[in-house]
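Could you have a look at this structure, given as structure tokens, before my questions?
The values are calculated or read from the model by the stated rules, or taken from the named source; none is laboratory data. Values in this document were obtained by computation on a predicted structure and should not be read as measured data. Cβ: placed from backbone, ideal geometry, glycine included. Neighbour counts: every protein chain shown.
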């Protein structure tokens with residue numbers, strides 16, 4: 001397996017603008033990432049798209065080939081990789097594998113989602129395809145109701161109060177303030193959190209990431225190619241490890257719904273592959289689609305003991321200057337969650353941090369990031385360790 | 001890159017039975033392929049699903065994780081790979097790459113599609129998502145109308161008559177007669193072909209592959225694992241080369257609609273990787289979704305000169321005992337075309353031929369197969385060379 005470098009990144013501003021044009025978003029991201037990398041397009045061997053709802057909401061499948069063509073890369077290998085909300089990182093993992101295997105020297109992973117052009121019911125139905133249709137969605141469960149079930153179970157088991165979850169949301173909103181690509185630029189406090197509408201008890205509006213549109217792209221290259229490029233960030237940020245794991249889609253098929261087995265497995269695998277421990281991680285980009293998901297991920301990944309994740313927030317350890325910064329550019333909660341694109345946004349943001357380009361959001365001396373993207377209620381978990389080298 | 005062996009295969013009978021259960025089809029195929037391989041399920045590292053319409057017609061995304069769980073493989077890496085009707089082979093290619101790269105020693109590729117439970121309009125709309133929505137589908141084009149456009153252009157350019165296309169269809173139906181997994185068991189002749197209904201001029205009913213349900217699976221393994229297995233076919237069939245290429249989805253964006261550039265590129269790549277020439281190929285499994293697609297593939301892949309593909313049929317060279325057997329188990333036309341599963345069915349059939357298990361359909365002394373699966377009107381083309389060794 002060869003080393004794989006991130007040599008260019010790009011992201012379109014995450015938005016809820018229903019007039020955005022899906023293929024334009026994606027081609028903008030791909031073209032800009034490529035331009036930033038200074039790799040000529042003729043050297044690109046493949047494009048791996050991550051998209052969840054194109055076929056359902058946009059009547060458009062085969063998005064890999066479509067984006068390749070419109071981005072000026074017609075002819076190259078291209079597919080769409082789908083694992084619900086983990087599609088972006090799943091596409092990045094396939095891109096990583098193809099370079100690591102020596103099949104391609106330069107590839108692009110592009111996450112893309114357009115959702116706000118349809119009504120709320122259509123969006124809810126599209127998102128519910130990530131759950132087990134027979135056991136969950138067809139019985140009226142939505143992503144919201146499933147996360148509410150998790151949050152309720154967690155609060156009962158660990159005697160957690162609503163305000164204990166607030167710090168995750170407050171932190172994400174604070175970090176998004178200075179991220180020009182975030183959908184929200186609005187600071188919130190505990191009172192705002194507690195006063196926000198209860199959507200499905202006990203989930204409040206401020207526990208939930210917003211449905212958004214957006215596209216992001218990363219250019220991956222072999223060490224040889226990366227070494228030939230000049231400029232900040234390039235030949236300096238490497239994907240040190242990549243893993244994926246699954247769990248049953250349906251919560252009723254899991255022995256313990258408060259333990260995300262796929263998060264544990266995927267995290268252990270990347271730490272092993274990168275030959276590091278939890279203590280080596282300088283910041284985390286977790287899948288904070290819901291505050292309860294953040295808590296469960298922190299525990300299942302082994303960063304804190306079970307039942308103690310909410311302490312991290314209370315102690316302000318998750319802030320940019322804390323010992324375990326989370327959602328450094330706003331996370332899914334406040335940067336926004338264009339589902340199939342989210343995993344690539346996370347990698348773009350990790351790259352910006354590790355190459356010292358995160359501006360006011362910079363985590364000091366950041367060298368190692370764990371980036372985790374989740375499909376469903378952690379039915380698919382794709383995890384990367386990204387590291388600054390040299 | 002390591003050698004990659006096919007060590008087990010399975011297919012469910014292709015059907016138009018609207019009561020079939022998608023996850024049961026897939027889990028049956030996966031479990032049977034695994035049992036046939038005699039690899040214990042604990043050794044399987046990943047499952048790559050190929051499915052096109054699950055999210056659209058079955059409200060089910062994240063099919064990789066779903067199938068892994070129900071097939072008794074909960075926990076492993078799993079994703080869905082989508083490239084319209086090339087999804088099956090695209091999934092197989094990702095599976096191949098993960099073994100070739102050394103990431104996994106044993107993986108499964110599983111193609112799955114369920115389509116006949118919805119009405120004709122819904123099926124047509126779902127299939128049309130493979131075309132360019134903005135330039136084609138939204139303007140009323142369907143897969144049928146696009147293939148009719150290709151066939152009309154071909155007939156005009158090369159002065160071809162309707163009956164010239166008949167041999168492809170007749171050959172497929174003849175081969176399907178003795179394939180128990182084929183959807184059609186009905187011999188047809190030139191008169192049947194000519195008397196069949198014109199669906200969209202000049203495309204006749206017998207030019208078109210049927211919409212079907214089905215699932216197929218292959219188990220891929222490294223040389224080390226394959227060498228440890230006993231039994232016919234195992235450790236004997238290798239994927240000698242794998243490639244993918246794309247072209248613009250929309251016909252209007254192609255300089256010459258009668259030349260399938262992605263077919264040419266993907267074919268040249270696999271021949272180069274396998275270090276063979278066209279003359280070394282013993283039989284072809286092409287994407288005969290339409291008879292015109294067979295003709296264009298034969299020409300664009302370089303097996304015959306432009307404008308001469310129809311001669312092959314007239315000269316009976318495509319029969320099982322010809323020098324270039326096509327659709328040896330019935331092809332898409334008569335085995336059936338469960339779209340996202342088709343590419344895996346093709347690989348299963350190539351395996352059966354190369355391991356001498358094709359029964360009455362056996363191509364004598366078959367050693368090398370070219371297997372080509374196509375998305376859209378050849379917008380995504382995934383090609384494999386499969387070879388008998390030792």
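Quick check: is even one residue across the range B:199-212 farther than 30 Å from residue B:125 by Cβ and touching a helix residue (DSSP H, G or I) at 6+ places or on another chain (Cβ under 8 Å)? Step through it out loud before you land on a result.
Taking the range B:199-212 as the starting set, the residues that turn out to be farther than 30 Å from residue B:125 by Cβ are none.
Checking the range B:199-212: not a single residue is farther than 30 Å from residue B:125 by Cβ and touching a helix residue (DSSP H, G or I) at 6+ places or on another chain (Cβ under 8 Å).
Next up: Within the range A:353-368, is even one residue touching a residue at least 40 places away in the same chain (Cβ under 8 Å), closer than 25 Å to residue A:51 by Cβ and more than 14 Å from chain B (Cβ to nearest Cβ)?
Of the range A:353-368, the ones touching a residue at least 40 places away in the same chain (Cβ under 8 Å) are A:353-357, A:359-368.
Restricting the remaining residues to those that are closer than 25 Å to residue A:51 by Cβ gives none.
Checking the range A:353-368: not a single residue is touching a residue at least 40 places away in the same chain (Cβ under 8 Å), closer than 25 Å to residue A:51 by Cβ and more than 14 Å from chain B (Cβ to nearest Cβ).
If the requirement is being within 14 Å of chain B (Cβ to nearest Cβ) and either over 19 Å from the mean Cα position of the chain (by Cα) or surrounded by fewer than 24 Cβ atoms within 10 Å (Cβ to Cβ) (or both), which of these qualifies: A:262, A:250? Full working, then the answer.
Working: A:262 fails: either over 19 Å from the mean Cα position of the chain (by Cα) or surrounded by fewer than 24 Cβ atoms within 10 Å (Cβ to Cβ) (or both).
Within the list A:262, A:250, the selection yields A:250.
Something else now. Let me spell it out: the conditions are (1) under 30 Å from residue A:140 (Cα atoms); (2) within 14 Å of chain B (Cβ to nearest Cβ), and residue A:196 meets all of them except one. Which number is the exception?
Status for residue A:196: all satisfied but (2).
Would you pick out the residues in the range B:33-44 that are in contact with a strand residue (DSSP E or B) (Cβ under 6 Å, 6 or more places away or on another chain) and surrounded by fewer than 20 Cβ atoms within 10 Å (Cβ to Cβ)?
Passing the criteria: B:36, B:43.
Does residue A:239 count as in contact with a strand residue (DSSP E or B) (Cβ under 6 Å, 6 or more places away or on another chain) and within 24 Å of residue A:340 (Cβ to Cβ)? Before the answer, list the steps.
Values: in contact with a strand residue (DSSP E or B) (Cβ under 6 Å, 6 or more places away or on another chain): yes; within 24 Å of residue A:340 (Cβ to Cβ): yes.
Yes; evaluated as a whole, the condition is true for this residue.
List pairs: first in the range B:120-148 and free of Cβ contacts under 8 Å to residues at least 24 places away in the same chain and more than 13 Å from chain A (Cβ to nearest Cβ), second part of a helix (DSSP H, G or I) and surrounded by 23 or more Cβ atoms within 10 Å (Cβ to Cβ), Cβ under 6 Å, 6+ apart or cross-chain?
Sorted first by the residue in the range B:120-148, then by its partner, the list stays empty.
Need a quick list: helices (runs of 4 or more DSSP H) entirely within the range A:1-94 having at least 2 residues that are at the interface with chain B (Cβ under 8 Å from one of its Cβ atoms).
Working: elements: A:22-37, A:54-57, A:63-70.
By residue number, A:54-57, A:63-70.
This table checks each residue for (1) touching a strand residue (DSSP E or B) at 6+ places or on another chain (Cβ under 8 Å); (2) buried (at least 21 other Cβ atoms within 10 Å of the Cβ).
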site: A:159; (1), (2): no, no
site: A:169; (1), (2): no, yes
site: A:172; (1), (2): yes, yes
site: A:180; (1), (2): no, no
site: A:191; (1), (2): no, no
site: A:195; (1), (2): no, no
site: A:198; (1), (2): yes, no
site: A:201; (1), (2): no, no
site: A:206; (1), (2): no, yes
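In addition: Within the range A:3-18, can one find any residue that is within 24 Å of residue A:388 (Cβ to Cβ), in contact with a helix residue (DSSP H, G or I) (Cβ under 9 Å, 6 or more places away or on another chain) and at pLDDT below 95?
Going through the range A:3-18, the residues within 24 Å of residue A:388 (Cβ to Cβ) turn out to be A:3-11.
Filter once more, so that each one left must be in contact with a helix residue (DSSP H, G or I) (Cβ under 9 Å, 6 or more places away or on another chain): A:3-11.
Applying the additional criterion that residues be at pLDDT below 95 yields A:3.
For the range A:3-18, residues within 24 Å of residue A:388 (Cβ to Cβ), in contact with a helix residue (DSSP H, G or I) (Cβ under 9 Å, 6 or more places away or on another chain) and at pLDDT below 95: present.
Test residue A:115 against the stated conditions and say whether it is within 8 Å of another protein chain (Cβ to nearest Cβ), in contact with a helix residue (DSSP H, G or I) (Cβ under 7 Å, 6 or more places away or on another chain) and either touching a residue at least 24 places away in the same chain (Cβ under 8 Å) or surrounded by fewer than 22 Cβ atoms within 10 Å (Cβ to Cβ) (or both).
Working: within 8 Å of another protein chain (Cβ to nearest Cβ): no; in contact with a helix residue (DSSP H, G or I) (Cβ under 7 Å, 6 or more places away or on another chain): yes; either touching a residue at least 24 places away in the same chain (Cβ under 8 Å) or surrounded by fewer than 22 Cβ atoms within 10 Å (Cβ to Cβ) (or both): yes.
Answer is no for this residue.
Residue check, residue B:100 against (1) without any contact (Cβ under 8 Å) to a residue 24 or more places away in the chain; (2) closer than 25 Å to residue B:355 by Cβ; (3) facing another protein chain (nearest Cβ under 7 Å), all met but one. Which one?
(1)
Checking the condition closer than 25 Å to residue B:12 by Cβ, within 16 Å of the chain's Cα centre (by Cα) and either surrounded by fewer than 24 Cβ atoms within 10 Å (Cβ to Cβ) or not assigned by TED's automatic domain parsing to the domain that holds residue B:374 (or both), which residue from B:221, B:217, B:176 passes?
Numbers: B:221 fails: within 16 Å of the chain's Cα centre (by Cα); B:176 fails: either surrounded by fewer than 24 Cβ atoms within 10 Å (Cβ to Cβ) or not assigned by TED's automatic domain parsing to the domain that holds residue B:374 (or both).
Of B:221, B:217, B:176, the one residue that is closer than 25 Å to residue B:12 by Cβ, within 16 Å of the chain's Cα centre (by Cα) and either surrounded by fewer than 24 Cβ atoms within 10 Å (Cβ to Cβ) or not assigned by TED's automatic domain parsing to the domain that holds residue B:374 (or both) is B:217.
Going by the structure shown, is residue B:11 crowded, with 24+ Cβ neighbours inside 10 Å and out of contact with any strand residue (DSSP E or B) (no Cβ under 9 Å at 6 or more places or on another chain)?
Working: crowded, with 24+ Cβ neighbours inside 10 Å: yes; out of contact with any strand residue (DSSP E or B) (no Cβ under 9 Å at 6 or more places or on another chain): no.
The answer is no for residue B:11.
Tell me which of these residue B:212 doesn't satisfy, since it passes every other one: (1) over 18 Å from the mean Cα position of the chain (by Cα); (2) buried (at least 21 other Cβ atoms within 10 Å of the Cβ).
Of everything listed in (1) over 18 Å from the mean Cα position of the chain (by Cα); (2) buried (at least 21 other Cβ atoms within 10 Å of the Cβ), residue B:212 misses just condition (1).
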